[in-house]
Amino acid sequence: MNADPAELAAQLADVTDGEVQANKPLAPFTSYKIGGPTALWAAPATEAGIGRVLAFIHEKQLPLFVLGHGSNVLLSDAGWPGVTLYVGENLNGWQFDHQQAQVLAGSRLADFIRAAVTKGLGGMEQLVGIPGSIGGALRMNAGAFGREIEAVTMAVSGFSLDGSPFQAERQQIDFGYRQAPQLEKMVITSGRFQLKTADSRILQLRMQDILAIRGRKQPLEYPSCGSVFKRPPGYYAGSLIEQADLKGVHIGGAMVSPKHAGFILNTNNATAADVYALIRLIERRVYERFGVRLEREVKLIGNFVEYTT
Ligand SMILES: Cc1cc2nc3c(=O)[nH]c(=O)nc-3n(C[C@H](O)[C@H](O)[C@H](O)COP(=O)(O)OP(=O)(O)OC[C@H]3O[C@@H](n4cnc5c(N)ncnc54)[C@H](O)[C@@H]3O)c2cc1C
């Protein structure tokens, strides 16, 4: 970005609502707690504000990064040299209409699921342990325990990257494993979901079971992005990594989890370069040993320099 961030921040503050800031640290907004600052930060308080930020970015041709709750990103140590459009706590809330709900994209997936369960509405309880926002979950087609968010999605609303309104019905979105191609070039501001009436106490128990299983299997005591890699057809990424003798291996402050080899943990003030070097090591080693090319689930944001280990 060539323009002065402070000057752009002043201009942007005139066109949108919510918070605008130049050179804001981003690491606290990621589950990894890693990464440098963003040149420009915009956290609109309304859906209309998001549209206006996008029109501004489009007109000035600035690089855009849409940040939800940052639980599936690895942000470069140099940060993001453009605008970070935050759709998190600033755009939070939902409305029930019988068995349906309209949910703002920044709402925590788990908070919404708990609210639905309290009302005796099920269908998403399998997803309760997934950190992150509704927008991030739609964009990633997040899933767990055989359920993906696509199963309950009726429609997605938001804006195209030029700031024009966008609406997609479920059947217009080709959801796949951790992907939703039609949502890649848009900013999601809300989703509409179809739930099912069920006994609230049974749903609560199911959620407790799911959280207990996740707690047993996953290294939740350290910052991470969850599974770094997608599940390759016919394999589990974690067991391939384990069989490649990489469990517990560390580079700098980053370590392959001894509990679940699909997770790379920030155990000791890791840098993004440490995590990235471990990602590359895993990719090389798994390919050499098993001929399997692992595909990343985590989104790398900013610049990463290749270096050999
Ligand atoms: C401990 C742990 C466990 C996890 N377990 C699971 C699991 O079981 N299943 C699973 O699927 N995932 C899991 N994840 C990964 C992650 O939680 C999900 O991918 C989640 O849906 C990401 O949501 P987010 O708001 O944090 O997105 P972010 O990390 O902020 O962003 C992820 C991607 O979505 C885009 N994005 C975010 N918000 C929007 C928006 N409003 N509009 C457009 N694009 C947007 C971003 O640009 C980025 O490309 C886990 C992560 C952790 C840390």
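Would you work out the charge dipole size for the stretch 1-51 about its Cα centre, treating the Cβ of every Lys and Arg as +1 and the Cβ of every Asp and Glu as -1, and quote it to the nearest 20 debye?
Working: 2 positive and 6 negative charges, 67 e Å.
For the stretch 1-51, the charge dipole is close to 320 debye.
Listing Glu89, Glu184 from the residue with the fewest other Cβ atoms within 10 Å to the one with the most, what is the order?
Values: Glu89 13, Glu184 8.
Neighbour counts put them in this order, fewest first: Glu184, Glu89.
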Please report the relative contact order for the stretch 127-246, taking Cα pairs under 8 Å with a sequence separation of at least 6, and give it as a percent rounded to a whole number.
23 percent
Sequence ranges 93-99, 293-299, 150-156, ranked by mean other-Cβ count within 10 angstrom, highest first:
150-156, 293-299, 93-99
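Could you tell me the relative contact order of the chain? Use alpha-carbon pairs under 8 Å, at least six residues apart, and round to a whole percent. Numbers along the way, then the final one.
On the way: 697 pairs, mean separation 50.8, N = 309.
About 16 percent, as a whole number.
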Compactness check, the stretch 219-301: C-alpha Rg relative to the 2.2 N^0.38 Å globular estimate gives 0.97
Inter-site label distance for Lys33 and Asn268 at 7 Å from Cα along Cβ, in nm
1.5 nm
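At a 10 angstrom cut-off on C-beta neighbours, averaged per residue, how do the peptides 216-223, 103-110 rank from highest to lowest? Intermediate results must be reported in sequence, preceding the final value.
Numbers: 216-223: 14.8, 103-110: 23.5.
Ranked by mean Cβ neighbours within 10 Å, highest first: 103-110, 216-223.
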23 Å Cα-Cα threshold exceeded, pairs from Lys230/Lys299; Lys33/Lys299; Lys185/Lys299; Lys230/Lys259; Lys24/Lys60; Lys33/Lys60
Lys33/Lys60
Which of Gly238, Gly191, Gly253 moves most in a GNM of the chain, Cα contacts under 10 Å?
Gly253
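Under 8 Å for C-alpha pairs, at least 6 residues apart: give me the relative contact order for the stretch 91-140, rounded to a whole percent.
Working: 64 pairs, mean separation 17.9, N = 50.
Relative contact order comes out at 36 percent.
Figure the gain on full extension for Arg289 and Lys217 (residue separation times 0.36 nm, minus the Cα-Cα span) and round it to one decimal in nm.
On the way: separation 72, 0.36 × 72 = 25.92 nm, distance 2.51 nm.
So the extension gain works out to 23.4 nm.
Taking neighbour counts of Cβ atoms within 10 Å as a proxy for exposure, in what order, fewest first, do Met186, Met1 appear?
Values: Met186 23, Met1 15.
Ascending number of Cβ neighbours within 10 Å: Met1, Met186.
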With θ set to phi - 60° and the Karplus curve 6.51 cos²θ - 1.76 cosθ + 1.60, what are the ³J(HN,Hα) couplings of the stretch 56-62 in order, to the nearest whole Hz, using x for Gly and Pro?
4, 4, 5, 5, 8, 6, 8
If each K or R counts +1 and each D or E counts -1, the residues other than Gly68 whose Cβ falls under 13 Å of its Cβ total +2
Work through the residues other than Gly215 whose Cβ is under 14 Å from its Cβ and net out their charges, Lys, Arg +1 and Asp, Glu -1.
+2
Considering the options Leu183, Gly68, Gly291, tell which one lies farthest towards the positive end of the dipole of the chain, charges being +1 on Lys and Arg and -1 on Asp and Glu at the Cβ, about the Cα centre.
Gly291
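If Lys and Arg each add +1 and Asp and Glu each add -1, what is the summed charge of the other residues whose beta carbon sits under 14 Å from the beta carbon of Leu12?
Values: positive: Lys24, Arg52, Lys60; negative: Asp4, Glu7, Asp14, Asp17, Glu19, Glu59.
That sum, taken over residues with Cβ under 14 Å, equals -3.
Using R₀ = 22 Å, calculate the FRET efficiency as 1/(1 + (r/R₀)^6) where r is the Cβ-Cβ separation of Tyr236 and Glu306; round to 0.05. Mind showing how you got there, number by number?
Values: r = 27 Å, r/R0 = 1.23.
It comes to 0.25.
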Hey, any idea what the orientation-averaged projected area of the convex hull of the chain's Cα atoms comes to, in nm²?
15.8 nm²
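Compute the length gained on full extension between His250 and Val15: take 0.36 nm times their separation in residues and subtract their Cα-Cα distance, giving the result in nm to one decimal. List each step's numbers first, then the result.
On the way: separation 235, 0.36 × 235 = 84.60 nm, distance 4.60 nm.
Contour length minus the Cα-Cα distance gives 80.0 nm.
The numbers here are math on the coordinates, done by the rules we state, and not lab data. These numbers were taken from a predicted model, which means no experiment stands behind them. Ideal geometry is used to build each Cβ from the backbone, glycine not excepted, and the neighbour counts take in all protein chains shown.
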